[in-house]
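Right, one structure below, let's go through it.
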Amino acid sequence: MRFAAVGVCNTAIDAVLFVLLHDHLGITLANFVSSSAGMVFSFVVNGLFTFRAERLTLRHAALFVASTGLVMWVAQPLLIHGWLWVLEQGPEVALGGMSAGDVRIWLAKLASIACSLVLNFLAYRYVVWPVEHRGEEHAPQASSGEGV
């Protein structure tokens, strides 16, 4: 639930900045700027709140930037272009004051964010802040000879 709450805020930061910037900067650069802003927020809040790191270290930052960068700067632009291609095969739908092209951009970005959330959670949970590197109160306790 904590990851989902942080993800909602991160998604809002990323998506709003992307939509505001994509006409001026293009998809790839707008995605870089918007995802970078969301990444800074995500590192601090996920590290301290979601995964309960006692402190944020340079090691955490390096692993976070490497894993998130791979997802956000490599996978996500490819996903956006892929989702745009899929959406362009369907009917044109305008929504409110948004053109069909803007609707497709929004949907492609949101679909790519959904894919990215799964990839990022797995990287954060198992690479950046694995259980064994958090406080001992979170680590499984060794058995005292009971069981197998």
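The values are calculated or read from the model by the stated rules, or taken from the named source; none is laboratory data. Computed from a prediction, not measured in an experiment: that's the story for all the values here. Note that each Cβ is placed from the backbone with ideal geometry, even for glycine, and that neighbours are counted across all protein chains shown. Keep in mind that these areas ignore ligands, DNA and RNA; they rest on the heavy atoms of the full protein, side chains included. Shrake-Rupley method; radii C 1.70, N 1.55, O 1.52, S 1.80 Å.
Listing for the model above:
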| quantity | calculated |
| --- | --- |
| Label-zone membership for the stretch 65-83, site A15, 7 angstrom Cα→C-beta point, backbone N under 19 Å | 72-73, 76-83 |
| Calculated log₁₀ intensity ratio I(q)/I(0) where the Debye formula runs over C-alpha points of the stretch 36-77, q = 0.16, 0.22, 0.31 Å⁻¹ | -0.39, -0.70, -1.11 |
| Computed over the stretch 59-134, the ratio Rg/Rh where both radii use C-alpha atoms and Rh is Kirkwood | 1.16 |
| Spin-label model distance (nm) - L29 vs E88, 7 Å beyond Cα toward Cβ | 2.1 |
| Normalised alpha carbon radius of gyration of the stretch 47-103 [divisor 2.2 N^0.38 Å] | 1.78 |
| Carbon/sulfur fraction of accessible area - the chain, other protein chains in place, 1.4 Å, % | 69 |
| Helical segments meeting 30 Å axial Cα length and Kyte-Doolittle -1.0 threshold in the chain (DSSP H) | 2-25, 100-123 |
| Most to least accessible of W106, W129 (protein chains only, probe 1.4 Å) | W106, W129 |
| Inter-probe distance in nm under a simple model that places probes 7 Å from Cα toward Cβ, at L70 and A5 | 3.0 |
| R0 of 25 Å, Cβ-Cβ distance E54-L117: FRET efficiency to nearest 0.05 | 0.50 |
| Under the Debye formula (equal points on every Cα, no solvent term), log10 I(q)/I(0) of the stretch 1-47 at q = 0.13, 0.18 Å⁻¹ | -0.28, -0.49 |
| Accessible area per residue in Å² at 1.4 Å probe, computed on the chain | 59 |
| Rg over Rh [alpha-carbon atoms, Kirkwood Rh] for the chain | 1.10 |
